[in-house]
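Here the structure is laid out as structure tokens; the discussion comes afterwards.
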Amino acid sequence: MTEILDGRPVAAAIKHELQSTIAAMASPPSLAILQVGTDPSAAWYVRSIKRATEGVGMRFHHVHLPQEVDQRNVIGAVQQLSADATISGIIVQLPLPPNIDANLVIAALDPRKDVDGLHPLNAGRLTQGLPSLLPNTPAGGIELLHYYGLPIAGQQAVVVGRSNVVGKPMALLLLQEQATVTICHSHTPDLPTATRSADLLVVAIGRPAMVTGAMIKPGATVIDFGINERDGKVVGDVEWSSAVEVAGAITPVPGGTGPMTNALLLRNTLAAHLKLQQGE
Ligand code: NDP
């Protein structure tokens, strides 16, 4: 019987705990989001983050710059938020318009407020196995594995995708948890052979239903980070109908890794807030 790794109750428990902690605090954490332009999916994300932060009692701060803003002003806005003592965490909504170098913008963040875990200092600390603000999506994947008691140490883990936001940090977190990790990407010559070797298969490609059941080792654990729209429905990077017949455990889309990302972002914001209060 395939175990369905439902992220919703896990995320709800994390948010419940955050809510109780924040209710007892004299000054709640506040999360700022910097948005550039008018992309509708970015606007949807901003609304969902607003709901989530306010739902646990945090403050929400939205900085919205026009599409035609120049790089200097975007960096200026990030620096201003970084210097603002009332702000605990900052998200830069990606992607930024093509004329703006996202790496320079991220590097301008105060790394202590980098609640997406993308600043080079946090990414470097993760690489070295040192405590840091972690990217929320992969951290949520690890948390799900722990919650459902699935083994990581000693497992053959295969991560498909190597973005700085999902694939690469996930591979590093699995390595820290003592898995043997292979990273695949668009230049991997024989993807099915690689994926079929995995006890623990992690998929973060951004292509709907690309990984089929035939590419999964029977009984493997499958973490699908993909969120894609197809025929008006949200689907993962893994083909659910065939994968669920083969996997031992699998995250659904929606309702698997997605809710975890949100919950861990809020947890990172509280952690950043507490550290800033302690003057660290
Ligand atoms: P990116 O586009 O940044 O990275 C995709 C990765 O997949 C790249 O490393 C790319 O390889 C690899 N890839 C592309 N095509 C293939 C292929 N044919 N075979 C093997 N590898 C391939 O995407 P993200 O990492 O940002 O996102 C991945 C997915 O996760 C998306 O569906 C996104 O919506 C979702 N997502 C989900 C979140 C959640 O909360 N669950 C949060 C963030 C993202 P290469 O490097 O060679 O180009």
- With the checklist (1) under 23 Å from L118 (Cα atoms); (2) among the aliphatic types (A, V, I, L, M); (3) within 13 Å of the ligand (Cβ to nearest atom) in hand, flag the one item M210 doesn't pass. (1)
- If you take the residues in region 31-41 that are surrounded by fewer than 18 Cβ atoms within 10 Å (Cβ to Cβ) and not in a loop (DSSP other than H, G, I, E, B), which one is nearest to the chain's Cα centre (by Cα)? S41
- Message: The conditions are (1) under 30 Å from L174 (Cα atoms); (2) surrounded by 15 or more Cβ atoms within 10 Å (Cβ to Cβ); (3) not charged (D, E, K, R), and S48 fails exactly one of them. Which is it?
- Response: (2)
- Look through I49, I142, I106, I90 and report the one residue that is under 19 Å from the mean Cα position of the chain (by Cα) and in the same structural domain as I223 (by TED's automatic domain parsing). I142
- Residue check, L264 outside the structural domain of Y45 (by TED's automatic domain parsing), part of a helix (DSSP H, G or I) and within 15 Å of N136 (Cα to Cα): yes
- Message: Show the residue pairs meeting these rules: Cβ distance below 8 Å; 6+ apart or different chains; first residue within region 222-240 and open to solvent by 10 Å² or more (accessible area, probe 1.4 Å); second residue within 11 Å of the ligand (Cβ to nearest atom) and at pLDDT below 95.
- Response: V235/E229
- Please go through region 241-276 and pick out each residue that is within 15 Å of the ligand (Cβ to nearest atom) and either free of Cβ contacts under 8 Å to residues at least 12 places away in the same chain or more than 21 Å from I49 (Cβ to Cβ) (or both). I250, T251, P252
- Message: Condition first: of a type outside the set (S, T, Y) and open to solvent by 20 Å² or more (accessible area, probe 1.4 Å). Now tell me which residues in region 253-269 satisfy that.
- Response: V253, P254, G258, P259, N262, R267, N268
- Message: Checking the structure you have, find out if any residue of region 240-249 is farther than 17 Å from L5 by Cα and out of contact with any strand residue (DSSP E or B) (no Cβ under 7 Å at 6 or more places or on another chain).
- Response: no
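The values are calculated or read from the model by the stated rules, or taken from the named source; none is laboratory data. All values reported here derive from a predicted model rather than from experimental measurement. No Cβ is skipped: glycine too gets one built from the backbone with ideal geometry, and neighbour counts run over all protein chains shown. For the accessible areas, the whole protein counts, side chains as well, though only heavy atoms, and no ligand, DNA or RNA atoms are used. Shrake-Rupley method; radii C 1.70, N 1.55, O 1.52, S 1.80 Å.
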